[in-house]
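K.L.:
A single structure is presented below for examination.
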Amino acid sequence: PRAWRRPRPSAETRVSGRRQRLRRTRTSPRGSGSAPSILGGATRGMSIRGVWQLLRLNVNYCDHSGSSKHIRAFVNSGLTEYAAQYPHAEVTSTVRRGKHPHMTGEFRNGNTKTVDLRNMEEEQIKVQLRYMFSEKGKKGGGPVKNGRRFTANKSVQGMWRPGMWDAANGAAAAGGA
């Protein structure tokens, strides 16, 4: 009898020498102008297990202040068309006199996020809207200062400063001689 031979794994299932099942990528190419459909392929960062996380989005602006100039034009011309691309979320706009423009998103996990839209042009507003629709609603990563995380709890070893080891070596050399 002929010996049984295990079928060779295809490129889709072979990763770093071990057989693994890969997730299917979304069908629409990255960077396409339209939003991916709710039922089509896996979405990156926009949903968790196929469920969109943004429930409601409220855009607040002033009807006369200068910082709301571009958002007023966007609300009057393109917000309804933009919101139609995302049918899972309820999009509303509210006039709040004397206040700077901002948008507030409410997510399935109960968190809310607010993004400032003060003096932003229409393209920047669209970027912020895309950001809000693609959010998961999780809490932020915490405070970051100069590209590094920092905490209020100081280290037991003390703070590092430039040249601190040079001073210790210099003192040891001076005291030992």
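K.L.:
Scan region 72-84 and give yes if some residue there is aromatic (Phe, Trp, Tyr), touching a helix residue (DSSP H, G or I) at 6+ places or on another chain (Cβ under 6 Å), closer than 18 Å to MET132 by Cβ and modelled with pLDDT of 90 or more, otherwise no.
P.N.:
From region 72-84, those aromatic (Phe, Trp, Tyr) are 74, 82; that's our starting set.
After this cut, where a residue has to be touching a helix residue (DSSP H, G or I) at 6+ places or on another chain (Cβ under 6 Å) as well, the list is 74.
Cutting the leftovers down to closer than 18 Å to MET132 by Cβ gives us 74.
Now drop any that are not modelled with pLDDT of 90 or more, which leaves 74.
Scanning region 72-84 turns up at least one residue that is aromatic (Phe, Trp, Tyr), touching a helix residue (DSSP H, G or I) at 6+ places or on another chain (Cβ under 6 Å), closer than 18 Å to MET132 by Cβ and modelled with pLDDT of 90 or more.
K.L.:
For a quick check of your reading of the model, give me the residue pairs whose first member lies in region 98-114 and is among the aliphatic types (A, V, I, L, M), whose second is in a strand (DSSP E or B), with beta-carbon atoms closer than 8 Å and at least 6 apart or on different chains.
P.N.:
Correct list of pairs: MET103/LEU57; MET103/ASN58; MET103/VAL59; MET103/ASN60; MET103/THR114; MET103/VAL115.
K.L.:
Here are GLU123, GLU106, GLU135: which of them is in a loop (DSSP other than H, G, I, E, B) and either of a type outside the set (Val, Ile, Thr) or open to solvent by 80 Å² or more (accessible area, probe 1.4 Å) (or both)?
P.N.:
Working: GLU123 fails: in a loop (DSSP other than H, G, I, E, B); GLU106 fails: in a loop (DSSP other than H, G, I, E, B).
Answer to the selection: GLU135.
K.L.:
I've got another one for you. Do we have HIS102 as more than 21 Å from TYR61 (Cβ to Cβ) and out of contact with any Pro (no Cβ under 9 Å at 6 or more places or on another chain) here?
P.N.:
no
K.L.:
For the subset of region 48-75 comprising residues that are assigned to a strand (DSSP E or B) and either charged (D, E, K, R) or open to solvent by less than 20 Å² (accessible area, probe 1.4 Å) (or both), which member is farthest from THR114 (Cα to Cα)?
P.N.:
Per the criteria, the residue is TRP52.
K.L.:
Quickly run through region 109-120 and pick out the residues that are open to solvent by less than 60 Å² (accessible area, probe 1.4 Å), more than 11 Å from LEU54 (Cα to Cα) and either part of a helix (DSSP H, G or I) or in contact with a Gly (Cβ under 9 Å, 6 or more places away or on another chain) (or both).
P.N.:
Once the filter is applied, which keeps residues that are open to solvent by less than 60 Å² (accessible area, probe 1.4 Å), more than 11 Å from LEU54 (Cα to Cα) and either part of a helix (DSSP H, G or I) or in contact with a Gly (Cβ under 9 Å, 6 or more places away or on another chain) (or both), region 109-120 yields only VAL115.
K.L.:
Here's something else I'd like to know. GLU90 is checked against (1) closer than 20 Å to GLN53 by Cβ; (2) modelled with pLDDT of 75 or more; (3) open to solvent by less than 70 Å² (accessible area, probe 1.4 Å) and fails just one. What number does that condition carry?
P.N.:
Going through (1) closer than 20 Å to GLN53 by Cβ; (2) modelled with pLDDT of 75 or more; (3) open to solvent by less than 70 Å² (accessible area, probe 1.4 Å) one by one, GLU90 breaks only (3).
The values are calculated or read from the model by the stated rules, or taken from the named source; none is laboratory data. Keep in mind that this is a model prediction, so the values were computed, not measured. Here Cβ is always computed from backbone atoms with ideal geometry, including for glycine, and neighbour counts include all displayed protein chains. Side chains included, ligands, DNA and RNA excluded: accessible areas come from the protein's heavy atoms. Shrake-Rupley method; radii C 1.70, N 1.55, O 1.52, S 1.80 Å.
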